[in-house]
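The values are calculated or read from the model by the stated rules, or taken from the named source; none is laboratory data. These figures come from a predicted structure and were not determined experimentally. Cβ coordinates were reconstructed from backbone atoms using ideal geometry, including for glycine residues, and neighbour counts include every protein chain displayed.
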Ligand SMILES: [Zn+2]
């Protein structure tokens, strides 16, 4: 049996997957907001409770914000800053007496969708988070690619490709650069762009719905969004050439992305347009992908 833990800013979610990826039990507790030590104890308590429920020792995978630095073994780039510069993997392994696999939450999303989700059975999968931020993860044959700096898949901080004059130099990003993909494609940025163009304050998913209902201003905004998304993904396709791109995060609920973006990326991908077979897919597990992907960091052993 395999335990997956999703360590978030507000909650720690855990589940146990049995054979065939069947969920055995699930638990959700608030993330202690006091200190790193309390957060660590919170994770250990969830593991202990899950193992008590299923009555057996399990493998353990953890989805977390940021990444474990290959150079130092410490967590970096986490938005829950109390995790940064902490040796969480070593601390968990010492307390649990076994190897613990850890990956950032976007990588776990990609692993989940590539294992038994929307892209099951496809060899090369790029999982995308479109939400308050823009992230991603590359999975090959069910395994996440971490990389030399543990930034593989972080396309959100590439510059927006093929910028028009009005898109240069682009908005400032929290990472210190300007014009990052995230500054064009995150939910809050889509809402800002729409507000600036129309004076109307709508949530990102509502802009998508308004466009589908025939609202001309929303249609124009969504066409721009789809074109920017197609441009940004075309660069990823040219490098890793995935069989599927799976969208996650709040904006993955905008239906027209799945029809319009693959039409538009034909203009940008380095291939004969009619021969592009990369699929753009909606997620199967939605919000559960992080915790399921964490469990799938230990693939099923064939016995
Ligand atoms: Zn950036």
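Annotation note: of 71, 90, the sole residue that is under 26 Å from residue 127 (Cα atoms) and surrounded by fewer than 16 Cβ atoms within 10 Å (Cβ to Cβ) is 71.
Only residues that are more than 18 Å from the chain's Cα centre (by Cα) and either away from the ligand (no atom under 13 Å from the Cβ) or under 24 Å from residue 300 (Cα atoms) (or both) were counted in the stretch 124-171, giving 9.
Of the strands (runs of 3 or more DSSP E) entirely within the stretch 1-89, those holding at least 2 residues that are under 13 Å from residue 291 (Cα atoms) and free of Cβ contacts under 8 Å to residues at least 40 places away in the same chain occupy 11-17, 23-30. Taking the criterion of being closer than 30 Å to residue 19 by Cβ and more than 13 Å from the chain's Cα centre (by Cα), the residues of the stretch 268-299 that qualify are 279, 281, 284, 295, 296, 297, 298, 299.
Within the stretch 124-145, the set of residues being touching a strand residue (DSSP E or B) at 6+ places or on another chain (Cβ under 7 Å) and either closer than 22 Å to residue 12 by Cβ or modelled with pLDDT under 95 (or both) comprises 127, 129, 135, 137, 144. From the list 202, 190, the lone residue that is out of contact with any strand residue (DSSP E or B) (no Cβ under 6 Å at 6 or more places or on another chain), away from the ligand (no atom under 15 Å from the Cβ), without any contact (Cβ under 8 Å) to a residue 40 or more places away in the chain and over 30 Å from residue 102 (Cβ atoms) is 202.
Within the stretch 260-303, being assigned to a loop (DSSP other than H, G, I, E, B), modelled with pLDDT under 95 and in contact with a helix residue (DSSP H, G or I) (Cβ under 6 Å, 6 or more places away or on another chain) holds for one residue alone: 285.
Of all residues in the stretch 136-152, those satisfying the criterion of being over 15 Å from residue 120 (Cβ atoms) and in contact with a helix residue (DSSP H, G or I) (Cβ under 7 Å, 6 or more places away or on another chain) are 136, 137, 138, 144.
Just wondering, is there one or more residues in the stretch 227-243 that are over 18 Å from residue 268 (Cα atoms), away from the ligand (no atom under 16 Å from the Cβ) and assigned to a loop (DSSP other than H, G, I, E, B)? So far as the stretch 227-243 goes, no, none of its residues is over 18 Å from residue 268 (Cα atoms), away from the ligand (no atom under 16 Å from the Cβ) and assigned to a loop (DSSP other than H, G, I, E, B). A count restricted to the stretch 172-187 and to residues that are within 7 Å of the ligand (Cβ to nearest atom) and in contact with a strand residue (DSSP E or B) (Cβ under 6 Å, 6 or more places away or on another chain) stands at 2. Condition first: in contact (Cβ under 8 Å) with a residue 40 or more places away in the chain and over 16 Å from residue 126 (Cα atoms). Now tell me which residues in the stretch 153-166 satisfy that. Within the stretch 153-166, 160, 161, 162 meet the criteria. Here residue 57 fulfils each of the conditions (1) at pLDDT 95 or above; (2) out of contact with any strand residue (DSSP E or B) (no Cβ under 6 Å at 6 or more places or on another chain); (3) within 23 Å of residue 133 (Cβ to Cβ) apart from (3).
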